[in-house]
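Please read the structure below before turning to the comments.
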Amino acid sequence: MCGIPVEGLTGWLGALAFALKKIIVKITEDGIPQSIIREISSLKALHHLNHPNIVKLHEVFHCLIGNDEMCLSVVYERCDWDLYDFLRDIPRDMGDTQCRHIARQIFLGLDFLHSNHVIHRDLKPQNILINRDQSVKIADFGLARYYSMQSSFTTLVVTLWYRSPEVLLQCPYNCGVDIWAAGCIIAELYSRQPLFSAQTEAQQLSVIFQKAMHRAATWMASGQLRGVLAQWVRCASPGVPPSSSPAKPPASSVSHSKPPPSSVGSPKPPSTTKRTLAKPGRPNIVLVDAVRTPFLISSTDFKDMIANDLQRAALLALVDKTKVDLNEVGHIVCGTVVQECRTSNIAREAALTAGFPDKVPATTVTMACISSNVAMTDIMGMLSTGYIDVGIAGGVEFLSDVPIRFNRKVRSALLMLPKAKKWDKRLMLGKDILTSFFMPELPAVAEFSSGETMGQSGDRLAAAFGVSRREQDEFAIRSHKLAAKAVSEGHLNDVVPVFVPGKKPKIVTKDNGIRVSSMEQLQKLKPAFIKPHGTITAGNASFLTDGASAALLMTEDYALKHGYKPKAYLRDFQYVAQDPIDQLLLSPAYVIPKLLDKVGLTLKDIDVFEIHEAFAGQILANLNAMDSEFFCKEQLKRSDKFGRVPENKLNLWGGSLSLGHPFGATGVRLVSHAANRLRHENGQFGLVAACASGGHGVGMLVEAYPS
């Protein structure tokens, strides 16, 4: 099956390299055996398993051979070796990195299968295919079955050497048998010989207990067992190292993992640090003020507007609040993610429709969820170099109406149609348009580089750093409660009203995503991404949001000279980029230590933390990572763990889980909250951090302006 050359199918498959597996089946007096019919049905159902680590099934077909035989043919993509031959052919000194790379792909493939309710049931080196580029694919689904959390099997499956104890004992089993077999295969990668090998089931069971108990005792004595197991269970990925602490910390460490419930939400006394971070020879950059529209759940009150309307509303509100002269503004930069198809520079169009002079340049930037952070740091750079004295940074996202393209066949035909001179050519193009018109291309929700959604990555990250479903739901409830409290106490004074025209015009004045739920309500929600194992649900994830923001930045000298009252200094920033596959949402754990080291501060010096809440599991995993000795030593190259961000300083006015997350606008909202909280809590330093698609992340340091 690794690559059997077969002639006669070239016209059907084109130039595609493929492999053909043939199975000859005897036809009995009762006709084709029901087991074979079931296998054909199962194989055809596997067509939808499209994943880079699952072998691609092209087609299944069968034909009669005479009166008493049938040939079942299964057409797969072609691979260069199976793992059995690969291990036999390559040198014995294959390094640890190469082994980990192969193992990781096996686990990713299994993770995908199990998430789609498929159990392989016959994992062995002969069913793991590998190419010259060392891409790995799981193959041979002849024994595969669909399953649910309630279902279990007792059929004796899996090649003897890779059978788990429950299979050997003929006990009920489910997807755990695949994990066991994968572990045996990974051990074989290193040792070049089967981990457990015997001739009979009884001998196999005996060998398992003898070897496993002996190795466990050896590892425990050397203190390595926990690290070894954790490393492999967490996909053996050098990108997502395990936490140094178990998922449930011992009683002696519980008090360090999170503050007492009574302290959450109450301001902590500010730090005693009162030194300046002004940079000699560079102008101090200040945030004069910032505003945002209400953040609304997509397809609600803003649904009939366009992105330009929201960004214009934010710019107009900022001008009205700060009384800045439009002619003073030297440059405008706005962030967005899902581009308005009628313009690639929404900042320019919003500025013009808001009444800014046409002489004011405007730029649109994009960097996923930190796009408006990029807008702010771009303006900071312009101010720092003296290019401008006044700038506006903002951002917008409008997910109630996203561009949906015709599929490529229709687009190509529409482009070729004006060039077609002959009627027969035009008719052919017209046929392509009509037959493919109702098959549009929806905007991608998966990462371009990995094919994995952010939610799937968040689920894996939460599992890797031991964040339970209950902890995630508790954090989500916390976010909504704090947001509701901030609204009732009038702290969210950066929200400005927006007039919504239409048949029933209205003025929208507040966010509409804040919903305080009970633990019982959240526990009823089903996993949203990895089903049925995942822990991320609609209740502990941020929701699709429409909204815009804008901030006025100046040099301190210019602001004071012209009578403005700054809210905060914008002292420094740092961007990072990590592995987009295994560390997609882990950037805050990298950027926070890096930024604080850069400016010479510690966690104790920070009075206010505003960290983006893409998912509750994501933010808790980042907190666990920074508090993990293993992660900090292995990934951050520190001598000790960095420490845990205290939750009684974190997102005390709610976060993206409750307020909403318009991708292009959240960055300004985070900085605005940090500045306003510093003033309210009498603090000095605030730190903003956020992750973003592509494995990016940003950290920004804010200092309160003396009142």
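The values are calculated or read from the model by the stated rules, or taken from the named source; none is laboratory data. None of the values given here were measured: they were computed from a predicted structure. No Cβ is skipped: glycine too gets one built from the backbone with ideal geometry, and neighbour counts run over all protein chains shown.
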Looking at D320 and the list (1) acidic (D, E); (2) at pLDDT below 95; (3) part of a helix (DSSP H, G or I), which single condition is not satisfied? (2)
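Residues are listed down the side, and each one gets a yes or a no for (1) over 23 Å from K526 (Cα atoms); (2) outside any helix (DSSP H, G or I); (3) in contact with a Lys or Arg (Cβ under 8 Å, 6 or more places away or on another chain):
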| position | (1), (2), (3) |
| --- | --- |
| P443 | yes, yes, no |
| S449 | yes, yes, no |
| D459 | no, no, no |
| A463 | no, no, yes |
| V467 | no, yes, no |
| D473 | no, no, no |
| H480 | no, no, yes |
| A486 | yes, no, no |
Looking at the range 525-539 only, could you name the residues that are farther than 20 Å from S658 by Cβ and touching a Pro at 6+ places or on another chain (Cβ under 8 Å)? K526, H533, G534
Go through the range 456-485 residue by residue and tally those that are touching a Pro at 6+ places or on another chain (Cβ under 9 Å) and crowded, with 22+ Cβ neighbours inside 10 Å. 4
Out of all the residues in the range 552-598, which are in a helix (DSSP H, G or I) and either under 29 Å from the mean Cα position of the chain (by Cα) or not assigned by the TED database to the domain that holds D389 (or both)? S587, P588, A589, Y590, V591, I592, P593, K594, L595, L596, D597, K598
Sole miss for P706 among (1) of a type outside the set (D, E); (2) at pLDDT 95 or above; (3) over 19 Å from the mean Cα position of the chain (by Cα) is condition (2)
For the range 600-616, state whether one or more residues are without any contact (Cβ under 8 Å) to a residue 60 or more places away in the chain and assigned to a helix (DSSP H, G or I). yes
Working carefully through the options D325, D378, D401, D358, find the one that is within 21 Å of L553 (Cα to Cα) and within 32 Å of the chain's Cα centre (by Cα). D378
Please identify the pairs in which a residue from the range 328-351 that is without any contact (Cβ under 8 Å) to a residue 24 or more places away in the chain has its Cβ atom under 9 Å from the Cβ atom of a residue that is in a loop (DSSP other than H, G, I, E, B), counting only partners at least 6 apart or on another chain. R342/I306; R348/P361
Only residues that are over 22 Å from L113 (Cα atoms), in contact (Cβ under 8 Å) with a residue 60 or more places away in the chain and in a loop (DSSP other than H, G, I, E, B): list them for the range 165-195, please. R192
Please count how many residues of the range 643-674 are farther than 22 Å from S371 by Cα and in contact with a Ser or Thr (Cβ under 9 Å, 6 or more places away or on another chain). 6
Being surrounded by fewer than 18 Cβ atoms within 10 Å (Cβ to Cβ), assigned to a loop (DSSP other than H, G, I, E, B) and free of Cβ contacts under 8 Å to residues at least 40 places away in the same chain narrows K510, K531, K503 down to just K503
